[in-house]
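Asks: Dropping a structure here in structure tokens format, bear with me for questions.
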Amino acid sequence: MIHTIRLLTSILVVFTCSFSSFAAQISQQQIEQFKNLPKSQQQALAQSMGVDLNTVMGQISGSNQQSQLSSTPITPRPSAETSEENQAEVTLFEEDSELFKPLERYGMDVFSNAPSTFTPTMDIAIPSHYVLGVGDQLSIQIYGKENAEYILPISREGNILIPNVGPVKIVGLAFAEMKTFLAERIQQRIIGVNVVVSLAELRSMRIFVLGDAYKPGPYTLSSLSSVTHAIFAAGGVSDIGSLRNIEVKRAGKIVQTVDLYDLLIKGDSSSDILLQSGDVVFIPTQSKNVSILGEVRRPAIYELKAGDNFNHIIEMAGGLLPSAYPQSTMVERYNEQSLRSIINIDLTDKKAREKLLKSGDYIRVLKSSGMYEQSITVIGAVSRPGKYQWQQGIKVADLLPSLDSHILPSADLSYGLIVRQKDKARNIEVLQFNLAKALSKSTSNPVDNLTLLPNDKLLIFSNVTKSIDEKISLDDLAFTQEQLFAKERQQAKVSFKEKSFWKQYGGNASQLAANTDETAEAERLVNQSLVQITNGALDSEIDIREMGLFSRPRLLAPVLRKLRQQGASGQPIQLVEVDGQVKFPGIYPLAKNAKVSDLLAAAGGVKESAYLARAEVTRNSLTAEGATKISLDVDLGLALKENKSFDIALQSKDRLNVHKIPAWSENHVVELRGEFVFPGKYTIRRGETLADLVIKAGGLTDYAHPGASVFTRIKLKELEQRNLIKLASDLRVEMASKSLTEQGNSASYDDAQKLLADITNVEPVGRLVIDLPRLMASNNNEVLLEGGDVLLVPTKKNSINVIGQVQVGSSHLYNSAMSAEDYIAQSGGIKKRADDERIYIISAGGSIKMVEESNWFADASDSSLKPGDTIVVPLDSEYMSDLTLWSTATQIIYNSAVAIAAINGI
């Protein structure tokens, strides 16, 4: 309701301003939502804002007329002053359609599927109380001493003429009375026969449906038609017609009052009598109604009768939902001063429910808080996360008795947390335990097998290094785990689209790098709220994305945020940090009575490269003069053995730095491919050069072409990728400005975007151009090897390649007597659009040189070409066809002639 009032208030405020500002902020859908509200709500909101409702509605009508007269739809653009918070709020309201869904009158939808005819089928039994009238036809069968069958109509005088019997008056008799009466009369006249009487055809009758019917007037119906048939024939009840006080008048007197709620709610059709010819069905105007919404089964607008109380309206609404909070039901009611007032009713109180309702009451049954009482929440890498019942003395091992059946294979068994509320202000404290020790039956460790209290939350983490950027909340668990994974997949699609955009259109390289920065991602998670996690079973195959649901940054984010909020003067923030050679460095909650070994367990343990003999703990020391930093040396080897003298207790904002073993080096692998004596992968040592590795591989074979070697490096590949993205970004800006300033020769902006997409899709090589023969001859330290380097030495080639704007791109046998021009001539010569001034040569080693530098006009003994080289004839980007050239030249000459004539005329 608060959101509804806020949005509608903003609508009223905007309507009091100019229409242009209204178009910039409020959508047509919101206007329709405001128009569909009950008149009472519209009037109340208008009065609260101090504006006239008629003026507001007039502006709405004027805006609709303007939108209808406009032939081209205009999409309003938000103003620059609109804050991000307001835009997010409007978007939220537009999506929350349930808040603005107007209530409908109960029972009106029953007339939406009215039958096309009310003619009864003749194979149904005729009711015994059916009253015969003029127009009915009887079927009389006589058998026994004589056999005969007659179809006899009832005449206008109310008689039927039976052969050998004479006229008999039966009009006005009930069907059951008529059958007995006729059988006796016939058997008196004809002795020794039996008589069967039935109704062969029903008469039609003319009735009137008047009052607030949808289509009042006279109607011709079957004689078996009831009151509801007549109402259906008239199209139902109008918007102001009554459903509970329908009168049936016969000869000017009321013979029956029909309450359709008895039929619709209770299924009681006793008041739905059969009509007679000339009857009037009168639908009066409804006098009183109330609205009820919220946690009821049938929220709607209901019509009141005298004496209706809260019991009746709850019964009409189908009763309360289990999620209802009846103790504080809100009732909006007009008081004696014609002002709306708020009344709280406790629907659990019998006397309160017997209070009478008043017309115009707006009843809102609120929803319960959804909080759980004395429950335990299990979150993370467990088979069945969710809520569990708390019992006195229950422990971790009681809740998770088995590793195989209750814990996922990806779970971290050395680190678990219990988040516990320590006071009524909902401040939390954290307890740490070792899950493997807690569940171990051989070592019943009371330190780790902690006793649980109501509302505790158990966090079980997975052994993954990356988290997934998603919002979770530890306070409200409402999604099943399958729903959570579906939400994750949706988030993955959004993230993929964003990254694809920057990849396709060449955004800023820093933006792409920010998406993959783990530190920034973890910081964002700490400052965000989280998505809700609840019950549900995981599939047997857990992929890395599902494991990421339970990573440390993801599950700890709300805990860290809450602990930061609790920090105040005299209440230090219960956070500690670990960095260096641990598996999961970062910020962690300071558990109760935590020590250095506990922090190492929280960080997933130390790495292989960790230097255990000495680590450093940095902490704040508060004195009268202020705060200073002090450092403490810790022997991690002894601390991990739980030596109490070395396993020091941690304090607020302590920082543990685990050093790396001096001169530690991971295994870095370099691959040699091609014409080596022993090609393959080699593990290198620190400072080893490329020449050293070639010697280690036995040197080159006799068929090697060292001048055409290709050396690639991972870092160079990443650098080329970033440069491609930056290039695409610069080209995008340049082409966009060109498409706005130039015409004719410049490509369209869409074509430019496709070109940028092709550029960013190019796979970078990461090649470093080297002169391998010189490096091997000098044996210098110019190229120090790194992990992931690849050196390819191809087999000797005795060919020259010609590509680009030549007639036929081809390869030719190397001839030292031929120049670049000769090879181009053998490929058919250059094309018309070739740029013959920028022809260049790519050597087999990767270096590039222009043909001018290669002595283009030298003699046939030109030695700049080597086997394996490639001659490239580029495209002339400034090429102009003859027709374009002559038209441009003619336009220039014409403009010059006009200018000369103008000068001569001065």
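The values are calculated or read from the model by the stated rules, or taken from the named source; none is laboratory data. The structure presented is a predicted model; accordingly, all values stated were derived computationally and were not measured. As a convention, Cβ positions derive from the backbone with ideal geometry for all residues, glycine included, and neighbour counts pool all protein chains shown. The area values use the complete protein model at the heavy-atom level, side chains included, leaving out ligands, DNA and RNA. Shrake-Rupley method; radii C 1.70, N 1.55, O 1.52, S 1.80 Å.
Asks: Would you point out the residue of the range 566-579, among those that are under 16 Å from R420 (Cα atoms) and touching a Pro at 6+ places or on another chain (Cβ under 7 Å), that is least open to solvent (accessible area, probe 1.4 Å)?
Replies: L575
Asks: Shifting gears a bit: Test I314 against the criterion of being in contact with a helix residue (DSSP H, G or I) (Cβ under 7 Å, 6 or more places away or on another chain) and open to solvent by less than 50 Å² (accessible area, probe 1.4 Å), and give yes or no. Can you show your working first?
Replies: Values: in contact with a helix residue (DSSP H, G or I) (Cβ under 7 Å, 6 or more places away or on another chain): no; open to solvent by less than 50 Å² (accessible area, probe 1.4 Å): yes.
It is false that I314 is in contact with a helix residue (DSSP H, G or I) (Cβ under 7 Å, 6 or more places away or on another chain) and open to solvent by less than 50 Å² (accessible area, probe 1.4 Å).
Asks: Of the residues L563, L600, only one is assigned to a helix (DSSP H, G or I), crowded, with 21+ Cβ neighbours inside 10 Å and free of Cβ contacts under 8 Å to residues at least 60 places away in the same chain; which? Step through it out loud before you land on a result.
Replies: Details: L563 fails: free of Cβ contacts under 8 Å to residues at least 60 places away in the same chain.
Answer to the check: L600.
Asks: For Y611, state whether it is more than 27 Å from K457 (Cα to Cα) and at pLDDT 90 or above.
Replies: Values: more than 27 Å from K457 (Cα to Cα): yes; at pLDDT 90 or above: yes.
When the stated conditions are applied, Y611 passes them.
Asks: Ok, one more. Go through the range 606-653 and give me each residue that's under 48 Å from the mean Cα position of the chain (by Cα) and of a type in the set (A, V, I, L, M, F, W, C).
Replies: V606, A610, L612, A615, V617, A627, L636, A639, L640, I648, A649, L650
Asks: Restricting to strands (runs of 3 or more DSSP E) lying wholly in the range 320-411: which have 1 or more residues that are acidic (D, E) and surrounded by fewer than 12 Cβ atoms within 10 Å (Cβ to Cβ)? Can you show your working first?
Replies: Values: elements: 329-334, 340-345, 362-365, 375-380, 386-389.
Counting at least 1 such residues, we get no strands (runs of 3 or more DSSP E) at all.
Asks: Of all residues in the range 674-689, how many are open to solvent by less than 80 Å² (accessible area, probe 1.4 Å) and in a loop (DSSP other than H, G, I, E, B)?
Replies: Counting residues in the range 674-689 that are open to solvent by less than 80 Å² (accessible area, probe 1.4 Å) and in a loop (DSSP other than H, G, I, E, B) gives 5.
The rows are residues; the columns are (1) closer than 23 Å to K696 by Cβ; (2) at pLDDT below 80; (3) buried (at least 16 other Cβ atoms within 10 Å of the Cβ).
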position	(1), (2), (3)
F711	yes, no, yes
M735	no, yes, yes
G744	no, yes, no
D758	no, yes, no
V783	yes, no, yes
V793	yes, no, yes
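Asks: For the range 580-597, enumerate the residues that are under 39 Å from the mean Cα position of the chain (by Cα) and exposed (fewer than 15 other Cβ atoms within 10 Å of the Cβ). So that I can check it myself, show each step before the final result.
Replies: The first filter runs over the range 580-597 and keeps only residues under 39 Å from the mean Cα position of the chain (by Cα), leaving 580-592.
Scanning the range 580-597 gives a single hit, K592.
Asks: If you check I418 against the conditions, is it modelled with pLDDT of 90 or more and either under 32 Å from the mean Cα position of the chain (by Cα) or not in a strand (DSSP E or B) (or both)?
Replies: Working: modelled with pLDDT of 90 or more: yes; either under 32 Å from the mean Cα position of the chain (by Cα) or not in a strand (DSSP E or B) (or both): yes.
In short, yes.
Asks: Do you know which of the residues in the range 202-234 that are open to solvent by 20 Å² or more (accessible area, probe 1.4 Å) and among the small types (G, A, S) is modelled with the lowest pLDDT?
Replies: Taking the candidates together, the pick is S204.
Asks: Okay, moving on. On the given criteria, is I240 over 18 Å from P127 (Cβ atoms) and open to solvent by less than 70 Å² (accessible area, probe 1.4 Å)? Even if it seems obvious, please write down each step before you answer.
Replies: Numbers: over 18 Å from P127 (Cβ atoms): yes; open to solvent by less than 70 Å² (accessible area, probe 1.4 Å): no.
No; evaluated as a whole, the condition is false for this residue.
Asks: Taking the condition touching a strand residue (DSSP E or B) at 6+ places or on another chain (Cβ under 7 Å) and more than 24 Å from S843 (Cβ to Cβ), does K726 pass? Break it down into steps so the answer makes sense when it comes.
Replies: Working: touching a strand residue (DSSP E or B) at 6+ places or on another chain (Cβ under 7 Å): no; more than 24 Å from S843 (Cβ to Cβ): yes.
When the stated conditions are applied, K726 does not pass them.
Asks: Residues that are of a type outside the set (S, T, N, Q) and out of contact with any Pro (no Cβ under 9 Å at 6 or more places or on another chain): list the strands (runs of 3 or more DSSP E) wholly contained in the range 129-211 that include at least 2 such residues.
Replies: Details: elements: 137-144, 148-153, 159-162, 166-169, 193-201, 204-211.
Correct list: 137-144, 148-153, 166-169, 193-201.
Asks: When you look at T257, is it open to solvent by 40 Å² or more (accessible area, probe 1.4 Å), farther than 30 Å from R203 by Cα and either modelled with pLDDT of 95 or more or polar (S, T, N, Q) (or both), yes or no? Steps first, please.
Replies: Values: open to solvent by 40 Å² or more (accessible area, probe 1.4 Å): yes; farther than 30 Å from R203 by Cα: no; either modelled with pLDDT of 95 or more or polar (S, T, N, Q) (or both): yes.
No: the conditions fail for T257.
Asks: Return a yes/no flag: does the range 666-673 have any residue that is open to solvent by less than 40 Å² (accessible area, probe 1.4 Å), touching a strand residue (DSSP E or B) at 6+ places or on another chain (Cβ under 7 Å) and within 26 Å of K796 (Cα to Cα). Step through it out loud before you land on a result.
Replies: Initially, the range 666-673 is screened for residues open to solvent by less than 40 Å² (accessible area, probe 1.4 Å), giving 670, 672.
Of the ones still in play, those that are also touching a strand residue (DSSP E or B) at 6+ places or on another chain (Cβ under 7 Å) are 670, 672.
Next, only the ones that are within 26 Å of K796 (Cα to Cα) stay: 670, 672.
Yes: one or more hits.
Asks: Among the residues of the range 327-361, which ones are of a type outside the set (S, T, Y) and without any contact (Cβ under 8 Å) to a residue 24 or more places away in the chain? Can you show your working first?
Replies: Step one: list which residues in the range 327-361 are of a type outside the set (S, T, Y), which gives 327, 330-333, 335-337, 339-340, 342-347, 349-358, 360-361.
Q327, N335, E336, Q337, L339, I342, I343, N344, D346, D349, K350, K351 - these are the residues of the range 327-361 that are of a type outside the set (S, T, Y) and without any contact (Cβ under 8 Å) to a residue 24 or more places away in the chain.
Asks: Residues being closer than 14 Å to N815 by Cα and at pLDDT 80 or above: count how many of those fall in the range 835-869.
Replies: Here the count works out to 5.
Asks: Moving on to the next point. In the range 221-259, what residues are among the polar types (S, T, N, Q), touching a strand residue (DSSP E or B) at 6+ places or on another chain (Cβ under 6 Å) and within 14 Å of F208 (Cα to Cα)?
Replies: S223, S226 - these are the residues of the range 221-259 that are among the polar types (S, T, N, Q), touching a strand residue (DSSP E or B) at 6+ places or on another chain (Cβ under 6 Å) and within 14 Å of F208 (Cα to Cα).
Asks: With small (G, A, S), within 24 Å of V237 (Cα to Cα) and within 34 Å of the chain's Cα centre (by Cα) as the only criterion, which of A324, A300 stands out?
Replies: Numbers: A324 fails: within 24 Å of V237 (Cα to Cα).
After applying the criteria, what remains is A300.
Asks: While we're here: Hey, can you tell me all the residues within the range 265-291 that are open to solvent by 40 Å² or more (accessible area, probe 1.4 Å) and among the hydrophobic types (A, V, I, L, M, F, W, C)?
Replies: Selection gives I265, I273, L274, F282.
Asks: Go through (1) touching a residue at least 60 places away in the same chain (Cβ under 8 Å); (2) open to solvent by less than 60 Å² (accessible area, probe 1.4 Å); (3) under 30 Å from L459 (Cα atoms); (4) not basic (K, R) for G294 and report which single condition fails.
Replies: (3) is the only condition that G294 fails.
Asks: Suppose we filter A639, A624 for residues that are at pLDDT below 90, in a helix (DSSP H, G or I) and among the small types (G, A, S); which single one remains?
Replies: Being at pLDDT below 90, in a helix (DSSP H, G or I) and among the small types (G, A, S) holds for just one of A639, A624, which is A639.
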